[in-house]
Amino acid sequence: MKKEDVNRWLGKKGERTAVLRIMTKPMTPTEIGEKIGLKRIRVEGFLEKGIFKCLTPKAKKGRVYGLTEKGQKTAKRLAKDEDRAYSYFKPDIDWYAYGWITCSKPVRMIFKAVATGRESVKEIDEYLKAPGRQLILTYSYKYKLLRDLVKKGLLSVSGDKRKLFALTEKGMRLKELVKKE
């Protein structure tokens, strides 16, 4: 597709150009929607125009989309037209794990709690219940999510009676991206 066709499809204002303005890293449709003030966005048009590429094609939930070379060029051109800086960040991480974390608020919040130094279940629970978060989970559901994070290699667990959780090397690589959202 020609540059003029993509520009015409994007339009001067609106949702499509807003999406390109905020695409500074790969994201899920829900993340994109939250950043531009919508519940979620439709990515099919971006895929058809060659602007987006799905980084997690086998995922049923938590699909992550990044900009193609063409998408990055288009976003840079848009930024230049608006006289603002633009950069795109795509680290070498497990995008399936990132999508899984970001598509579920409880998983995302537990991951963030451990990423900010909370090690015990009690400390994680206090983090979740803090004003502004107020996420109340049953004990068994919290443990299920913690076990899932361990199974996916994002957390490690230590301790006999009092379980302590910490980010693994794989979890550390995801930490900065999850904190940015």
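The values are calculated or read from the model by the stated rules, or taken from the named source; none is laboratory data. The shown structure was predicted, so the numbers you read here are calculated from the model rather than taken from an experiment. Note that each Cβ is placed from the backbone with ideal geometry, even for glycine, and that neighbours are counted across all protein chains shown.
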Problem - Failed item in (1) basic (Lys, Arg); (2) outside the structural domain of Leu149 (by TED's automatic domain parsing); (3) in contact with an Asp or Glu (Cβ under 8 Å, 6 or more places away or on another chain), with Lys73 passing the rest - result: (3)
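Out of curiosity, is Val114 surrounded by 16 or more Cβ atoms within 10 Å (Cβ to Cβ), closer than 16 Å to Glu176 by Cα, under 14 Å from the mean Cα position of the chain (by Cα) and not basic (Lys, Arg)?
Details: surrounded by 16 or more Cβ atoms within 10 Å (Cβ to Cβ): yes; closer than 16 Å to Glu176 by Cα: yes; under 14 Å from the mean Cα position of the chain (by Cα): no; not basic (Lys, Arg): yes.
Against the criterion (surrounded by 16 or more Cβ atoms within 10 Å (Cβ to Cβ), closer than 16 Å to Glu176 by Cα, under 14 Å from the mean Cα position of the chain (by Cα) and not basic (Lys, Arg)), Val114 does not qualify.
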Practice task
Taking Phe89 as the residue in question, decide whether it is at pLDDT 90 or above, of a type in the set (Phe, Trp, Tyr) and under 19 Å from Glu176 (Cα atoms).
Solution key: no
Completion exercise
Inside the range 155-171, the number of residues satisfying the requirement of being free of Cβ contacts under 8 Å to residues at least 40 places away in the same chain and either in contact with a strand residue (DSSP E or B) (Cβ under 9 Å, 6 or more places away or on another chain) or under 19 Å from Lys105 (Cα atoms) (or both) is 5
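Taking the condition of being part of a helix (DSSP H, G or I) and not hydroxyl-bearing (Ser, Thr, Tyr), how many residues in the range 20-70 meet it? Explain how you work it out, then say what you get.
We begin by selecting, within the range 20-70, every residue part of a helix (DSSP H, G or I); these are 20-22, 29-36, 44-48, 69-70.
The next check asks that each one be not hydroxyl-bearing (Ser, Thr, Tyr); those that pass are 20-22, 29, 31-36, 44-48, 69-70.
So the answer is 17.
Would you check if Lys144 is part of a helix (DSSP H, G or I), over 27 Å from Arg40 (Cβ atoms) and free of Cβ contacts under 8 Å to residues at least 24 places away in the same chain?
On the way: part of a helix (DSSP H, G or I): yes; over 27 Å from Arg40 (Cβ atoms): no; free of Cβ contacts under 8 Å to residues at least 24 places away in the same chain: yes.
No: the conditions fail for Lys144.
Out of the residues in the range 67-77 that are surrounded by fewer than 19 Cβ atoms within 10 Å (Cβ to Cβ) and not hydroxyl-bearing (Ser, Thr, Tyr), which is nearest to Gly33 (Cα to Cα)?
Taking the range 67-77 and keeping what is surrounded by fewer than 19 Cβ atoms within 10 Å (Cβ to Cβ), we get 68-70, 72-73, 76-77.
From what is left, the residues that are not hydroxyl-bearing (Ser, Thr, Tyr) are 69-70, 72-73, 76-77.
On the way: Glu69: 22, Lys70: 21, Gln72: 19, Lys73: 22, Lys76: 20, Arg77: 22 Å.
Taking the candidates together, the pick is Gln72.
Please specify each residue of the range 102-126 satisfying the condition of being within 18 Å of Arg162 (Cβ to Cβ) and touching a Leu at 6+ places or on another chain (Cβ under 9 Å).
Going through the range 102-126, the residues within 18 Å of Arg162 (Cβ to Cβ) turn out to be 110, 113-114, 117-126.
Across the range 102-126, the qualifying residues are Ile110, Ala113, Val114, Glu119, Ser120, Val121, Ile124, Asp125.
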Problem - Residue match in the range 121-128 (condition: hydroxyl-bearing (Ser, Thr, Tyr), at pLDDT below 95, more than 12 Å from the chain's Cα centre (by Cα) and not in a helix (DSSP H, G or I)) - result: no
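Regarding Lys112, is this residue of a type outside the set (Val, Ile, Thr), assigned by TED's automatic domain parsing to the domain that holds Glu176 and in contact (Cβ under 8 Å) with a residue 12 or more places away in the chain? I'd like the intermediate steps shown before the answer.
On the way: of a type outside the set (Val, Ile, Thr): yes; assigned by TED's automatic domain parsing to the domain that holds Glu176: yes; in contact (Cβ under 8 Å) with a residue 12 or more places away in the chain: yes.
Yes; evaluated as a whole, the condition is true for this residue.
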Practice task
Go through the range 119-141 and give me each residue that's closer than 19 Å to Thr102 by Cα and in contact (Cβ under 8 Å) with a residue 40 or more places away in the chain.
Solution key: Ile124
Practice task
Go through the range 90-109 and give me each residue that's surrounded by 11 or more Cβ atoms within 10 Å (Cβ to Cβ) and part of a loop (DSSP other than H, G, I, E, B).
Solution key: Lys90, Pro91, Ile93, Asp94, Cys103, Ser104
